[in-house]
1. Using +1 at the C-beta of Lys and Arg and -1 at the C-beta of Asp and Glu, which of A:A135, A:L376, A:G515 has the Cα lying farthest in the positive direction of the dipole of the protein assembly as shown?
2. Using alpha carbon centroids, what distance separates the stretch A:345-403 and the stretch A:206-264, in Å?
3. Please work out the C-alpha center-to-center distance from the stretch A:165-199 to the stretch A:26-94 and express it in whole Å.
4. About the Cα centre, and with charges only on the beta carbon of Lys, Arg (+1) and Asp, Glu (-1), how big is the dipole of the protein assembly as shown? Nearest 20 debye, please.
5. I need to check one value: relative contact order of chain B, counting alpha carbon pairs closer than 8 Å and at least 6 residues apart, in percent.
6. Once you list every other residue whose beta carbon is under 15 Å from the beta carbon of A:E15, what net charge do they have if Lys and Arg are +1 and Asp and Glu are -1?
7. What number, rounded to the nearest 500 deg cm²/dmol, is the helix-based mean residue ellipticity at 222 nm of chain A, given -39500 (n - 2.57) per DSSP H run of at least four residues and division by all its residues?
8. Return the whole-Å distance between the Cα centroid of the stretch A:462-500 and the Cα centroid of the stretch A:417-432.
Amino acid sequence: MTGKTFRTLSGIPVEAVYGDGPLPGEFPYTRGVHPDMYRSRLWTMRMFAGFGTAEDTNTRFRELLRSGGTGLSTAFDMPTLMGRDSDHEWALGEVGRAGVAVDTVEDMADLFDGIDLGAVSTSMTINGPAPILLAMYVVVAEESGVERSRLAGTLQNDILKEYQAQKEYLFPPRPSVRLVTDAIRFTTAEMPRWNPVSVSGYHIREAGSTAAQELAFTLANGFAYVEAACAAGLSVDSFAPRLSFFFNSHVDFFEEVGKFRAARRIWAQWMRDRYGATDERSLKLRFHTQTAGVSLTAQQPEVNIARVALQALAGVMGGTQSLHTDSHDEALALPTAEAARIALRSQQVIAHETGVASVADPLGGSHYVEWMTDELERRAEEVFAHLDELGGGSLLEGVYAAIESGWFVGEIADASYRYEREVNAGDRIVVGVNAFTEGSDSRQAELLRIGQETEDLQCQRLDAVRRSRDDRAVAASLSRVASDAAEPTTNLLPALLEAVSVRATLGEVVEVLEGVFGTYVERTVV
Amino acid sequence: MSGDSPIRVVLAKLGLDGHDRGLKVVARILRDAGMEVIYLGLRQTTETIVDAVEQEDADVVGISMLNAGHLTLGPRIVDALADAGLDVPVVIGGIVPDEDRQALADAGVAGVLGPGAPAEEVVAGIRDAVATHGW
């Protein structure tokens, strides 16, 4: 506890928490993972950024840190997310457009140039090729003199939700989950400050799910990774404290708050009762929150500033550990620097002006919020029971089966269509879209544009790396990747570290892995 | 096409972008409006789309792009269809800034449907593209 007295704007002293137990910091952590929550430590203001070349994004990173951002979060472009080099034919038109292009260790080095990797925490939103990008980050740090054990950050590395929602998968589910557990094993042994998986509901929600589906599918995926890591030989308490979560904060305020509270309670109970975790840290669900990109409107985009602020407030009321606020221009393009600054400032208003950070779980005890928490938990438990039955007593097998049958995508598509029908029929109001539309036809503000020249420049950078490296060392390292990949119990990380350190490209490594693992084509459900 | 047979529409995501929520909603809207929807889904190339248009005898192609690649990929699909001798209109949906619409129109793209377009606008956009195009 801090010694400081917290007072309202009018000078009334307030306690750290109100109500009877279980209190925040007490099992099952419904009310939060820390006893005094934001009094001792505010959430991390972690703004997601990435566009153009590594140098372009490095400039934005430095701006965000100068403006008071307290963590970094990297958005990669589509070719990088899909494990393709910038000069691959599929990359045409997409290099640097929706994130930053990273083909080799050299790009990763430029991305974090001048930033002390021993001092910041970095989140990387990458899934299919996640262990390769992790290897690049480790190599960059070590080449600059920072040991891997000092690195703090998060690898999204949540492949299951890709098959369910975001669709950025490379290989079939089972070898992909092996890659996830390889990263868990590696960081558990060598990177104690690293979160190897960020189990993500965000993308499930963005794909059109309901809050209850987001909660249920995400936690089911979390349980699946626990089962997979235990099957790979780890004890649950060795890795579970470093699993983290990532949720969406949508616009229905109390539903969102209830969702975050239910998530903590479910996780704590399942980890203790089903998976036998005994370390308190294994039971505490820690999460990052991002406001709902899907709720942003292209019509009257300034109104999004209000939506984002309210959604951010729900995340804070729900006890998030870290927060990204969307920029108001994101329904139109990647955010401009000014729009990103306004979004960060909105968090700072919540943190420093509104007083909501003075008291832990200030909505706890509200009849409505407690009922909503219970109701969302009940709905999630129905989904777990369904998946458990599908998997014959294994959530991991249940999730695989429901991916294979298209159950997840079907459920999400139904929810998404239902919502669109409601908006279309006028049963749901979206300000500026189907009501209050005066002003919706005004000119669009200035947008961030990434031109074709970025693609040309990035291809030149890639070409320069290819010309200056030792091709024989690259070939040898890639054949080790292939042989280690073919050996299901061998951890791939050492081979990946070697390959990227001799400047094998992302696309080269992925092609080798595809040769062993194969590729995945989804069963189309419309 | 003959006057009373339903419009046949090929829907596809062109490129690497995997955001398919919007395209799936559009598929259901068009189907509910009586069209025949050939849903190709994710990660299509200009070649796979042209093949589908040819084999399915489609009247119109709907392409969804949220990857900011429309100025590069939009004209390419129009050209690829023309090169294959297919006189079929292309409608692009997704995140397309207003100022890019003229460039796409100049490149031969028949229509653009932006974020939040209501169902009637989506249906009308496809019908208009078919009605005003070609032969």
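1. Among A:A135, A:L376, A:G515, the one farthest towards the positive end of the dipole of the protein assembly as shown is A:L376.
2. 8 Å
3. Comparing the Cα centres of the stretch A:165-199 and the stretch A:26-94, I get a distance of 18 Å.
4. On the way: 58 positive and 95 negative charges, 461 e Å.
With only Lys, Arg, Asp and Glu charged at Cβ, the dipole is about 2220 debye.
5. Numbers: 233 pairs, mean separation 33.6, N = 135.
Computed over chain B, the figure is 25 percent.
6. On the way: positive: A:K4, A:R7, A:R31, A:R39; negative: A:D20, A:D36, A:D361.
Here the count lands on +1.
7. Numbers: 19 runs with 247 residues, N = 526.
About -15000 deg cm²/dmol.
8. Taking the Cα centre of each part, the stretch A:462-500 and the stretch A:417-432 sit 50 Å apart.
The numbers here are math on the coordinates, done by the rules we state, and not lab data. Predicted model only: the values in this text are computed from it and were never measured. For neighbour counting, all protein chains shown are included, and Cβ atoms are generated from backbone atoms with ideal geometry for every residue, glycine included.
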